[in-house]
Amino acid sequence: FYFFMIRPQMKKTKEQKKFRENLQKGQKIVTIGGIHGKIIELQETTAIIEVEGQNRLKIEKSAIALDNSSQLQENK
């Protein structure tokens with residue numbers, strides 16, 4: 001049971017935490033709400049992202065789901 005349910009979830013959580021710690025300015029991301037944007041500024045627990053139309057949003061780092069550039073490469 002542990003190897004089929006708990007272990008994969010723990011591994012995924014660990015990978016997401018590592019990803020959020022290694023965020024960089026200029027990186028394209030997708031939030032858990034589905035918003036696509038580029039990181040303009042990083043702070044301790046928040047990030048300011050630029051979305052289409054040159055609008056800026058301040059979001060929590062925990063709301064960042066994945067790196068958009070890796071998703072774009074997979075879709076090609």
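The values are calculated or read from the model by the stated rules, or taken from the named source; none is laboratory data. Only a predicted model underlies this, so the values are computations on that prediction, with no experimental measurement involved. Cβ: placed from backbone, ideal geometry, glycine included. Neighbour counts: every protein chain shown. With ligands, DNA and RNA removed, areas are computed over all heavy atoms of the protein, side chains included. Shrake-Rupley method; radii C 1.70, N 1.55, O 1.52, S 1.80 Å.
Just a few scattered comments:
- Flag: Glu15 matches the condition of being more than 14 Å from Glu60 (Cβ to Cβ), out of contact with any strand residue (DSSP E or B) (no Cβ under 6 Å at 6 or more places or on another chain) and of a type in the set (Asp, Glu).
- Test: residue in the range 6-20 that is in a helix (DSSP H, G or I) and β-branched (Val, Ile, Thr): yes
- Residues being among the polar types (S, T, N, Q), open to solvent by 70 Å² or more (accessible area, probe 1.4 Å) and more than 14 Å from Asp67 (Cα to Cα) are entirely absent from the range 23-33.
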